[in-house]
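J.: Got a structure here, written out as C-alpha cells. Questions coming.
The values are calculated or read from the model by the stated rules, or taken from the named source; none is laboratory data. The structure displayed is predicted, hence computed values, not measured ones. Reconstructed Cβ throughout: ideal geometry from the backbone, glycine too, with neighbour counts over all protein chains shown.
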Amino acid sequence: MKLDLSNLRGDITGGLTAGIVALPLALALGVASGVGPMAGLYGAIAVGFFAALFGGTPSQISGPTGPMVVVLAGLFASLSGDVSLIFTAVVLAGIFQIVFGMLGVGQYIRLVPYPVISGFMTGIGAIIIILQIGRLLGHEPPGGTIGALSYLPTALADINFATLALGLGTLIIAYKWPASLGKYIPGALAALIIGTLVALFMNVPVLGNIPTGLPSLHLPVFDQSKAWLIIEAAFILAILGAIDSLLTSLVADNMTRTRHDSNRELVGQGIGNTVAGLIGGIAGAGATMRTVVNIRSGGKQRISGMVHALVLLAIVLGLSPLAAQIPHAVLAGILVKVGLDIIDWAYLKRAHTGPRWDFALMALVLGLTVFVDLITAVGVGVVLAALAYVRQIAQLQIEELNNIPDTLSDPEENALLAKTEGKVSIFSFGGPLSFGAAADLGHHVREQVKPGSRALLLDFTLIPVVDVSAAMAVQTITSDAIASGRTLLICGANEKVNKVLENINVHHYDIPMFSTRREALEAAVKIVQSGSDDGETVFTPKKLAELK
C-alpha cells in the first residue's frame, strides 16, 4: 500500500501529539475495562496502527473508547475475569467488523443528519471540557460526566493554583502560538513541551510510572458453556465500534473537508481489533478527541495514526520516564482547547434563524451525549430525524392528494370527466406513497370524496413503488367505497405496484384495474350513464364488461 507523504511533517507532529494525549486515556480505559493498563496500551497500539494503515479515514486516530470499555467491563464481570475469553471476544468483534465492511454496512451509518452530527460534536466538546475542569483545579475527579460535575464543588473549595496557572498557561500558548512558528511545530505540541518543562520546577501532579513490556500472543480459546455470551458481546462490540468509528469519521470529514470510505474504515477497524485481541489488547474504535487533536496538530494522512501508535509502542519499550513527567494540568489545558474547538459554534450562532425542530433535535442529541452516552444520543437523534422527515413528506403527499382536479390537462380526458356529471372523484398521488401518508390516506379520501359520487378513481401513474402500508390503505378505501355503494377504479399502476396491490387486496375485492386514466374515465362514464344510482351497486370488471 502506497502511503501519502505530502504532509509528512504535519502527520508526524499530529501523530506525536495524539500519541501523548492517547497515553493516559489508554491506560485509564484499560484499567476501567478490568483487564489492566497494559491491555489498554496494547489495544491503542494495535487498533491505532492497523486501522490507520488499512482504514478509510486517513486523519482518524483509533484506540480504546468509552462505549467499548463499558461492554468489556460487563463481559469481564460476567466471565469472572477470564481474560483469555475476553481477548477471544475482541478478536471475534474484529472479524465481525471486517464482514460488516465487506457487506457494505458502513454506507448506512453515513446517513446521519447534520443536527445530529452537530449535537454529537458539541456534546463531545462539552464532555472534554467538563472532564478537564477538575484536573485544571488540581484534582482527579471521578469517572464520567456526572461524576465530574458532582465533584466540581469539592474541587472549587480546594483549588491548586499552581496547576490552574499551568493549565491556563498551556491553553493560552496553544491558542496564541504564532502561525509562523506553527509551520514547524504546532501550537498543541509546543504547549505540551513548554508546559512540561515549566512543570519540572513546580510541584504538580504528573502521569507518573507507566508500565513497560512487550505483549505476548493470545490465541482465541473456546468454551462451549460461554460461547453465546462471547458471541453476543463480540457482536455488540462490533456494532458499537462501527458506529463510534464512523461518527468520528464524519467529524474528521467535517474538519478536513474530505470524505471517508466507510466500508474500508470498518475493514481497517476490524483488522485492528483482531490484532488487538491476539496481542492481549482491549477493543478500540475511532476516537473523536484523539482524532481532533491529530487534525488540529497538523495530521491529515494515515501516517499520523501510525505515528501515534508507534509513539505508544516507544513508550512501552522504554521511553516511559519522559512521558511520566507530563503534568495532568498540561494535558488538561490542551484538551480544553480541543473541546472548545470541536463545539459547533457556527451552527449555535445561527440556530435561532433556522427550523426550530432542527435546533431542538441538536439540543436533545447534545444533552444525551453529555449525560447518557453517544450511542443512545445518535440512535435517538437518527430515529427522530427520520420520523420528522417521514412526517414532512407525508404532509406533502396528503396535500397533493387533497388537490382533487375539477379539470384535466388532456382535452379528451377532460371531456370524459364532464360526462360523469360530477359523480366521479379522482385522487392522484404525487410521487412515492410513504407509510406516513398511508396511515391517514383512508381518512382523507373519505373526507374529500364528492357527495353523490358513484365511483372513486385512484390514479397511481406517478407512484413507482408501494409498500404494505400503502396497500392496506387502499384496502381501507375499497372497504369504505363498497360500504357506501361506490365503485373503486384504479389506473396507471406499474408492474411492481400492481403486484403489491394484487397480493394484498385487488384480487379479493375484484377491483377494476386500467392501464391509463382515459380507460378508467371511460369506465366511470359507463357507470354514471348506467342509471344505477341506488347507492348499493358496485361494479366489478365483469359487470363493467356487460355495460354498453
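J.: Residue check: is residue 265 part of a helix (DSSP H, G or I), acidic (Asp, Glu) and either crowded, with 21+ Cβ neighbours inside 10 Å or within 18 Å of the chain's Cα centre (by Cα) (or both)?
T.: Spelling it out, residue 265 is indeed part of a helix (DSSP H, G or I), acidic (Asp, Glu) and either crowded, with 21+ Cβ neighbours inside 10 Å or within 18 Å of the chain's Cα centre (by Cα) (or both).
J.: Then there is this: Do we find a residue being more than 41 Å from the chain's Cα centre (by Cα) and not small (Gly, Ala, Ser) anywhere in the stretch 466-484?
T.: Yes, there is a match, as at least one residue in the stretch 466-484 is more than 41 Å from the chain's Cα centre (by Cα) and not small (Gly, Ala, Ser).
J.: Specify the residue that is surrounded by the fewest Cβ atoms within 10 Å (Cβ to Cβ); the eligible residues are those in the stretch 174-199 that are within 15 Å of residue 326 (Cβ to Cβ) and without any contact (Cβ under 8 Å) to a residue 60 or more places away in the chain.
T.: Looking at residues that are within 15 Å of residue 326 (Cβ to Cβ) and without any contact (Cβ under 8 Å) to a residue 60 or more places away in the chain, I get 197.
J.: In the stretch 395-410, is there at least one residue being modelled with pLDDT of 80 or more and buried (at least 18 other Cβ atoms within 10 Å of the Cβ)?
T.: no
J.: While we're looking at this one, here's another question. Taking the criterion of being outside any loop (DSSP other than H, G, I, E, B) and surrounded by fewer than 19 Cβ atoms within 10 Å (Cβ to Cβ), would at least one residue in the stretch 132-144 satisfy it?
T.: No, there is no match, as no residue in the stretch 132-144 is outside any loop (DSSP other than H, G, I, E, B) and surrounded by fewer than 19 Cβ atoms within 10 Å (Cβ to Cβ).
Residue by residue, here is whether (1) farther than 28 Å from residue 301 by Cβ; (2) modelled with pLDDT of 85 or more; (3) assigned by TED's automatic domain parsing to the domain that holds residue 298; (4) not in a helix (DSSP H, G or I) holds:
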| site | (1), (2), (3), (4) |
| --- | --- |
| 95 | no, yes, yes, no |
| 146 | yes, no, yes, no |
| 156 | yes, yes, yes, no |
| 162 | yes, yes, yes, no |
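J.: If you don't mind, another one. Just wondering, is there one or more residues in the stretch 184-204 that are in a loop (DSSP other than H, G, I, E, B) and in contact with a strand residue (DSSP E or B) (Cβ under 6 Å, 6 or more places away or on another chain)?
T.: Yes, there is a match, as at least one residue in the stretch 184-204 is in a loop (DSSP other than H, G, I, E, B) and in contact with a strand residue (DSSP E or B) (Cβ under 6 Å, 6 or more places away or on another chain).
J.: Somewhere in the stretch 110-122, is a residue closer than 22 Å to residue 338 by Cβ, at pLDDT below 95 and more than 27 Å from the chain's Cα centre (by Cα)?
T.: Within the stretch 110-122, not a single residue is closer than 22 Å to residue 338 by Cβ, at pLDDT below 95 and more than 27 Å from the chain's Cα centre (by Cα).
J.: Modelled with pLDDT under 95 and either small (Gly, Ala, Ser) or within 24 Å of residue 10 (Cβ to Cβ) (or both): is that true of residue 46 in this structure?
T.: no
J.: Let me ask something additional. Just checking, how many residues over the stretch 341-359 are surrounded by 15 or more Cβ atoms within 10 Å (Cβ to Cβ), aliphatic (A, V, I, L, M) and outside any loop (DSSP other than H, G, I, E, B)?
T.: Final tally of qualifying residues: 3.
J.: Sticking with this one: For the list (1) surrounded by 24 or more Cβ atoms within 10 Å (Cβ to Cβ); (2) charged (D, E, K, R); (3) modelled with pLDDT under 85, I need the number of the one condition that residue 11 fails.
T.: (3)
J.: Let me ask something else about it. Filter the stretch 88-128 down to the residues that are buried (at least 21 other Cβ atoms within 10 Å of the Cβ) and small (Gly, Ala, Ser) and list them by number.
T.: Across the stretch 88-128, the qualifying residues are 89, 93, 94, 101, 106, 118, 119, 123, 125.
J.: Kindly indicate whether residue 175 is in a loop (DSSP other than H, G, I, E, B), at pLDDT below 90, of a type outside the set (Asp, Glu) and closer than 21 Å to residue 294 by Cβ.
T.: No, not satisfied.
J.: Does residue 474 satisfy the criteria of being at pLDDT below 80, buried (at least 21 other Cβ atoms within 10 Å of the Cβ) and either farther than 25 Å from residue 410 by Cα or out of contact with any Leu (no Cβ under 7 Å at 6 or more places or on another chain) (or both)?
T.: no
J.: Conditions first: (1) free of Cβ contacts under 8 Å to residues at least 24 places away in the same chain; (2) outside the structural domain of residue 193 (by TED's automatic domain parsing); (3) not hydrophobic (A, V, I, L, M, F, W, C). Residue 321 passes all but one, so which condition is the exception?
T.: Result: residue 321 passes all but (2).
J.: Here's something else I'd like to know. Inspect all residues belonging to the stretch 234-257 and state whether any of them is assigned by TED's automatic domain parsing to the domain that holds residue 33, of a type in the set (Val, Ile, Thr) and over 18 Å from the mean Cα position of the chain (by Cα).
T.: Within the stretch 234-257, one or more residues are assigned by TED's automatic domain parsing to the domain that holds residue 33, of a type in the set (Val, Ile, Thr) and over 18 Å from the mean Cα position of the chain (by Cα).
J.: While we're here: Filter the stretch 432-459 for residues that are buried (at least 23 other Cβ atoms within 10 Å of the Cβ) and under 35 Å from the mean Cα position of the chain (by Cα); which is nearest to residue 394 (Cα to Cα)?
T.: 437
J.: Spot the failing condition for residue 337; the list is (1) in the same structural domain as residue 272 (by TED's automatic domain parsing); (2) closer than 30 Å to residue 236 by Cβ; (3) of a type in the set (D, E, K, R), and only one is missed.
T.: Among (1) in the same structural domain as residue 272 (by TED's automatic domain parsing); (2) closer than 30 Å to residue 236 by Cβ; (3) of a type in the set (D, E, K, R), the lone unmet condition for residue 337 is (2).
J.: May I pose another question? Can you confirm whether residue 19 is surrounded by fewer than 24 Cβ atoms within 10 Å (Cβ to Cβ) and in the same structural domain as residue 142 (by TED's automatic domain parsing)?
T.: No, not satisfied.
J.: When you check residue 52 against the structure, is it over 16 Å from residue 279 (Cβ atoms), small (Gly, Ala, Ser) and at pLDDT below 95, yes or no?
T.: Considered against the rule, which asks whether it is over 16 Å from residue 279 (Cβ atoms), small (Gly, Ala, Ser) and at pLDDT below 95, residue 52 comes out as no.
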